[in-house]
Amino acid sequence: MNSGGMIYNILSLGVPFSVALLVAALGENFNQRAGIFNLGCEGIMSMGAFLGFLPAFFIKTGPLAAHVNLLGFVFAMAAGALLGLLFALVTVTFRASQGIAGIGLQMFGWGIAGTLSRHFVGGVTGVEGVPAWAIPGLAKIPFLGGVLFNHNPVVYIAFLMVPTSWYLLFRTPWGLKVRAVGTYPRAADTMGINVNRVRYQALMLGGAMAGFAGAYLSLCQAKMFADDIVAGRGFIAVALVYFGRWNPVGILGGALLFSLAQTLQLSIQVGGIKFPYEFAVMLPYVLVIVVLAFTRKARMRGPTELGKPYNREMRV
Amino acid sequence: MKRFLLATAATFAFVSGLLAAPRAKVRVALIVESTVDDKGWCQAMHDAIKVTQKKYGNALVEYSYSEKMKPVDAGSAARQYASKGFEIIICHGAQYKNLVLEMAEEFPKTSFAFGTSADIGPKNVFTYMPESEQTGYLNGIIAGLVTKANVIGNVGPVDGGDSARYNRGFYLGVKSVNPKADIKLAYTGSFGDFVKAAELAHTDIKAGADVLTGASQQATGALRAVAEYRDKNIWWVGQDTSQLAMSESFKVIAAASYDYTAIVEAIIAKREAKVLGGENLPLNFANGGFTYKFNEKVGPVLTPAVRKAVGAAEKDMKAGKLPIAWKEVKF
C-alpha cells in the first residue's frame, strides 16, 4: 500500500474510533467544570455498553425490533444519568472523597454490568449494531468523503456534541452557573445559585454522556458485549479533559490525536514497518502523558475548586 | 530425529497416564482472570474440568472455580482453596507463575498447575504448554489456499506464550502452500481488549487482507469486525471452535480449540500415582489436546483441496510425522 492509501486508512478509521473517548470526555468535562472529578466514568461506560447492547440482543422481532439501537442508547443514557445521580449523592450531598467514590463507582458499574451480562446474556456475543450511513453527496467528495462522511450516524451526532457542549458551557446561563460552581462556589452561592443542584445536574448530564459513549462501543464499534469491553477508555477520557484544557474543542483535538495515534500504530504494524510492537502499542498513551506534562502550565484555566466538596457552613 | 522420538515417547507416556481414574475423591479448583464462559481461553479449561468431572462422576471429582482473578487477588482465592483441602489448584495463565511458586512452598501437599509455560516447576507444580504451532499451521494452510488477494491478517495479542507459537505455526502453514502470501501480523498488546482487536481487524481489511485469524479471547472482537463485511469474500480461521456456534460463524471457515481434558486427567492420574508435580505436560494433536473442525455452512470457499491439505497435515501431526520448526521463525 502506498503512503497516501495508508494516510487515508488511518484517518477514515481514526475518526469513528475516537467517538467513545470524545463523548465520554465531553461528559466528564461537565462534571469537572462543576468541580467534581468523576473517576467512575469507566464504570458508567460499562453499564452503558451493557444496557445499550441488551435491546439489540433480546428484541429480534416485533414493532420494536427496528428501533433496538435507539432504545439501547436511551437505556444507556438513562442508566448513566442514574449513576451520575448516585455519584452526586455520595460526593455532593455526603461530601465523600471524590477519588475514592469514583473508583468505587468504576468497580460498581463494571461489576454490575458483568454480573447482569452473565445472568441475562450468558457469554460473549455479538449484535447487528448500527450500520454505516453515508451522507448523500458529501460522502462522494474525494478523500474527505470517506474520512468524514461515510460512518454510522452516531459519529455525526457525536461530533455535533462538540459545538453543542461548547455553546452550553460558554453561551448559556446554565453553563455560566456550572463554571461558577466549579471555580468559586462560595461566590456563586452568594449570588443565589444553588451549588449542589447545579453540581447534581452536571453530574447527571456527564453520566448520561458516559452511558452514551459505552453504548457506542457495544452498538457501533465492537458490536458485541464483553465484561472488559471498555478496557480503560473511561480513564483515558478523564485524562483527555485535562488534555483539552476543559474546553470541548480541545477535548475533540485530544480524542482525535489519541485515536489517530492508535490507528497509526496499528497501521505501522500491519504495514510491516520494522518497529518493536511493544513501543507501537505504547505510543498513544505516551503521547497523552507527554502532552499532559506540557499542559500543567495551563492549570489555571481549569476549574480551581475541582475535587473539593462545597460546604456553605464552613469558614474560609 | 532424536528429539522427535523423545517427544513421541513423552506423548505416549503422557497418554498412558490418562487411564488411571481416581480411587478417592479429588477436589479441583480453577482460578481464571476472565470468566468461564468467555468462549476462549478460560472456558476451554473450565469445560475440560467439567468433562472430567462428568467422566469420573461428582462423587469422585469435586470442582470449584473463581473468576476475574487478577494476579494480586488470586493469592487470597488460592490460599482459601488450599486451606480447605483442595488437592489440585489450577491457576490458568502464565501471569500466575509467581503466585503458584509462592503457594507451592506454603502448601507442599497440594498440587498446583499453571500454564502456558514450558518451565519444569517445583515437585508440587505442574506446568502445561499447548503446542499451538500445530493448530496455527492448519489454519495457515487454509488461509494460504483461500486468499485471493494474497494478503492475510493476523490479530495477535502479545508475542508470548502459546500465541507466539500459534503465530509462527500459522506463518509456516501459509508459506507451505502459498510462499508469496503477505502475512500482516500485528499485536494489540492485550488478551482481552475486544474493541482494539476489532480496530486491528478493520485496519488489516483496509490494508487488503481477505483472510484473518487471531488467538486469545479478544479474537472474538476481530471476528465480529470481519462479520461486518457480510457480502464480501473476507474470511476467518479461528483458534476456538466455540466461534463455529456464534452468529458470526458464517465467516469462519474452520476453527481449532484446546481440549485440556488430557491435562486435567493427567494431573489427577499422576497425583494418584503420588506424583504431585515437577512435570511439564504438552497439549497437541497426538494426545487429543486439540480438536479441529471445518464449518460446513460456509459454502464453496471450503474446497476439496483445502480439506485434503488440512486433513493430510493433521494426520501427519497425529502420527508425529510433521514437526513444525516454529522457533526458527523470526518476525
message: Helix B:133-146 against the longest principal axis of chain B: what's the angle in degrees, Cα atoms only, rounded to the nearest 10?
response: 20
query: Under a Cβ-Cβ cut-off of 15 Å, what is the net charge of the residues other than B:D37 that fall near it, where Lys and Arg count +1 and Asp and Glu count -1?
result: -3
- prompt: Carbon-plus-sulfur fraction of the accessible area of the protein assembly as shown, 1.4 Å probe, in percent?
  reply: 63
statement: accessible surface per residue for chain B, probe 1.4 Å, DNA/RNA/ligands not counted, whole Å² -> 39
- request: Compute the FRET efficiency between B:A312 and B:N150 as 1/(1 + (r/R0)^6), taking r as their Cβ-Cβ distance and R0 = 25 Å, and round to the nearest 0.05.
  value: 0.65
- request: Pick out, in residue order, every one of the chymotrypsin sites (Phe, Trp or Tyr not before Pro) in region A:1-106 that is DSSP loop and has at most 16 other C-beta atoms within 10 Å; say none if there are none.
  value: A:F94
- request: Anything in chain A that counts as a DSSP H helix reaching 30 Å or more along its axis (C-alpha) with Kyte-Doolittle mean of at least 0.0? List them, would you?
  value: A:98-120, A:195-216, A:248-270
statement: Between chains B and A, total accessible area buried, probe 1.4 Å, no ligands or nucleic acids, nearest 100 Å², roughly 3000
field: Violating pairs (Cα-Cα greater than 19 angstrom) within the set B:K123/B:K270; B:K148/B:K184; B:K25/B:K270; B:K232/B:K293; B:K70/B:K97; B:K68/B:K270
entry: B:K232/B:K293; B:K68/B:K270
message: Using the basic label-point model (7 angstrom from Cα toward the beta carbon), what is the B:T303 to A:F120 distance in nanometres?
response: 4.7
task: For B:D73, put the label point 7 Å out on the Cα→Cβ axis and report which residues of region B:206-230 keep their amide N under 12 Å from it.
output: none
- line: Taking Cα atoms only, helix B:41-56 is inclined relative to the longest principal axis of chain B by an angle, in degrees rounded to 10, of 50
- prompt: Any residues in region A:270-289 that have 10 Å² or more less accessible area with all protein chains than in their chain alone, probe 1.4 Å, and which are they?
  reply: A:V270, A:K274, A:Y277, A:V281, A:Y285
message: For region B:193-331, give me the percentage of DSSP beta bridges that are antiparallel, rounded to the nearest 5 percent.
response: 40
- request: For the pairs B:K50/B:K308; B:K175/B:K318; A:K274/B:K206, note any where the Cα-Cα span goes beyond 30 Å.
  value: B:K50/B:K308
message: Under 10 Å, Cα contacts only: if you run a Gaussian network model on chain B, which one of B:Q43, B:Q217, B:Q80 comes out with the highest mean-square fluctuation?
response: B:Q80
query: Is chain B best put as rounded, prolate or oblate by its Cα gyration tensor, with a ≥ b ≥ c the root eigenvalues, rounded for a/c under 1.5, and otherwise prolate when a/b is larger than b/c, oblate when not?
result: prolate
- prompt: How much solvent-accessible surface does A:E305 expose, in Å² to the nearest 10, with a 1.4 Å probe and all protein chains in place?
  reply: 50
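Which FRET efficiency value, to the nearest 0.05, do you get for B:Y56 and B:L101 by plugging their Cβ-Cβ distance into 1/(1 + (r/R0)^6) with R0 = 41 Å? Intermediate values should be presented prior to the final figure.
Numbers: r = 29 Å, r/R0 = 0.70.
Efficiency at R0 = 41 Å is approximately 0.90.
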field: Solvent accessible area, Å² - A:I141, 1.4 Å probe, full protein context
entry: 70
message: Restricting to Cα pairs below 8 Å that are 6+ residues apart, what does the relative contact order work out to for region B:200-331? Please round to a whole percent.
response: 18
field: Value of [θ]222 nm, deg cm²/dmol, for the protein assembly as shown, DSSP H segments ≥ 4, -39500 (n - 2.57) each, nearest 500
entry: -17000 deg cm²/dmol
- line: Which residues qualify? For A:N152, with a placed amide H closer than 5 Å and at least 5 residues away or on another chain, they are A:W133
- prompt: How much net charge surrounds B:I253 when only the other residues with a Cβ under 11 Å from the Cβ of B:I253 are counted, with Lys and Arg +1 and Asp and Glu -1?
  reply: +3
- prompt: If you take every DSSP beta bridge whose two residues both sit in the protein assembly as shown, what share of them, in percent to the nearest 5, is antiparallel?
  reply: 20
query: Per residue, how many Å² of accessible area does region A:242-297 show with a 1.4 Å probe?
result: 50
Degrees separating the helix B:304-318 axis from the principal Cα axis of chain B, which is the longest one: 30
field: region A:1-115: C-alpha gyration tensor shape, a/c 1.5 cut-off, then a/b vs b/c
entry: oblate
- prompt: Which shape class, rounded, prolate or oblate, goes with region A:85-226 when its Cα gyration tensor gives a ≥ b ≥ c as root eigenvalues, a/c under 1.5 marks rounded, and past that a/b bigger than b/c marks prolate?
  reply: oblate
- prompt: If Lys and Arg each add +1 and Asp and Glu each add -1, what is the summed charge of the other residues whose beta carbon sits under 14 Å from the beta carbon of A:A210?
  reply: -1
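The values are calculated or read from the model by the stated rules, or taken from the named source; none is laboratory data. A quick note: this is a predicted structure, and the numbers were derived from the prediction, not measured. Heads up, the Cβs are rebuilt from the backbone with ideal geometry, glycines too, and the neighbour counts pull from every protein chain shown. With ligands, DNA and RNA removed, areas are computed over all heavy atoms of the protein, side chains included. Shrake-Rupley method; radii C 1.70, N 1.55, O 1.52, S 1.80 Å.
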